[in-house]
1. Determine if region 138-160 includes at least one residue that is touching a Pro at 6+ places or on another chain (Cβ under 6 Å), free of Cβ contacts under 8 Å to residues at least 40 places away in the same chain, surrounded by 13 or more Cβ atoms within 10 Å (Cβ to Cβ) and not hydrophobic (A, V, I, L, M, F, W, C).
2. Looking only at region 113-152, filter to residues that are over 19 Å from residue 35 (Cβ atoms) and small (Gly, Ala, Ser); which one of those is farthest from the chain's Cα centre (by Cα)?
3. Based on this model, can you work out whether residue 179 counts as in contact with a Gly (Cβ under 9 Å, 6 or more places away or on another chain), at pLDDT below 95 and over 16 Å from residue 27 (Cβ atoms)?
4. Can you pull out the residues in region 43-83 that are among the β-branched types (Val, Ile, Thr) and assigned to a strand (DSSP E or B)?
5. Within region 108-137, restricting attention to residues that are among the basic types (Lys, Arg) and outside any loop (DSSP other than H, G, I, E, B), which residue is surrounded by the most Cβ atoms within 10 Å (Cβ to Cβ)?
6. Residues of region 1-42 being farther than 30 Å from residue 63 by Cα and assigned to a helix (DSSP H, G or I), which ones?
7. Got at least one residue in region 84-94 being part of a loop (DSSP other than H, G, I, E, B) and either acidic (Asp, Glu) or in contact (Cβ under 8 Å) with a residue 12 or more places away in the chain (or both)?
8. If I go through region 1-44 residue by residue, how many of them are under 21 Å from residue 89 (Cβ atoms) and either crowded, with 21+ Cβ neighbours inside 10 Å or touching a helix residue (DSSP H, G or I) at 6+ places or on another chain (Cβ under 7 Å) (or both)?
Amino acid sequence: MGKKIAILQPSYIPWKGVFDLINKVDVFVFYDDVQYTVKDWRNRNKIKTPNGELWLTVPVIHKGRRNQLIKDAEIDNTTNWQLSHYKSIVANYKKAPFFQDFHFLLEEFYLKNKWTFISEFDIYVIKRIAEILGIVVEWYKSSELECDGGKEGGKVIKICEKLNCDYFINGPASRGFMDEELFNNKNIRLDYMDYDYREYSQLYPPFNHYVSILDLLFNCSLEDVKQLINI
């Protein structure tokens, strides 16, 4: 079996499936030199509250920067969004059974550091949580690899070739637009994730899989977290 790779845009404290994907590969590339999209997962995610889902959104400057790349997207720090997000997470998870075990992460993310670019925050958080989970991969940013584009999948293939990977694992949502023939022609195996997780004890029913991984960390022991996402 070849060297496995996943290539994914940085996202804001993503759901558990992202860490399952990272754990399945040898190389993980943050796809940060593609266009930044508004109202997307780059700068927001959901947590659970007694009143339903709550979106936590990092304010990003995009007016007049329509075609900016993810790596260039600056956070609007005119408001104290870090403290606001910290307080929202604490208020809604402080009674979760394992909240105290991971509270230090919130302090690290929101109180002890300041962030200028949204990708900077996203990448730091993802790598830090992966470290906590014991996930070991080679980390790269696509912006540092200098691989140009082409038709859909062309840039991804160039990244795979540059990093000597011949097994590309992608999310299931990409099935409809990846040109599989391109991968076949380059002898790169193309595979897709199949997300299938059991439920766990979660605050504020009904159960919802599609929230930030913080929900899983606060509600389960580290051992159970690893089992739930196949680590």
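1. Residues of region 138-160 that are touching a Pro at 6+ places or on another chain (Cβ under 6 Å), as a first pass: none.
No - not one qualifying residue is present in region 138-160.
2. Just the residues of region 113-152 that are over 19 Å from residue 35 (Cβ atoms), to begin with: 113-116, 124-140.
From what is left, the residues that are small (Gly, Ala, Ser) are 130, 134.
Details: 130: 10, 134: 16 Å.
For region 113-152, the residue satisfying everything is 134.
3. Details: in contact with a Gly (Cβ under 9 Å, 6 or more places away or on another chain): yes; at pLDDT below 95: yes; over 16 Å from residue 27 (Cβ atoms): yes.
It is true that residue 179 is in contact with a Gly (Cβ under 9 Å, 6 or more places away or on another chain), at pLDDT below 95 and over 16 Å from residue 27 (Cβ atoms).
4. Initial filter on region 43-83 (among the β-branched types (Val, Ile, Thr)): 47, 49, 57-58, 60-61, 70, 75, 78-79.
Result: 47, 49, 57, 60, 75.
5. Step one: filter region 108-137 for residues among the basic types (Lys, Arg), giving 112, 114, 127-128.
Subset that is outside any loop (DSSP other than H, G, I, E, B): 127-128.
On the way: 127: 16, 128: 13.
Restricting to residues being among the basic types (Lys, Arg) and outside any loop (DSSP other than H, G, I, E, B), the top hit is 127.
6. Let us first name the residues in region 1-42 that are farther than 30 Å from residue 63 by Cα, namely 1-6, 16-17, 19-28.
16, 17, 19, 20, 21, 22, 23, listed by residue number.
7. Residues of region 84-94 part of a loop (DSSP other than H, G, I, E, B): 94.
Remaining after also requiring either acidic (Asp, Glu) or in contact (Cβ under 8 Å) with a residue 12 or more places away in the chain (or both): none.
Within region 84-94, none of the residues are part of a loop (DSSP other than H, G, I, E, B) and either acidic (Asp, Glu) or in contact (Cβ under 8 Å) with a residue 12 or more places away in the chain (or both).
8. 11
The values are calculated or read from the model by the stated rules, or taken from the named source; none is laboratory data. All of these numbers come straight from a predicted model, not from anything done at the bench. Because the Cβ atoms are built from the backbone with ideal geometry, glycine has one as well, and the counts that use them run over all protein chains shown.
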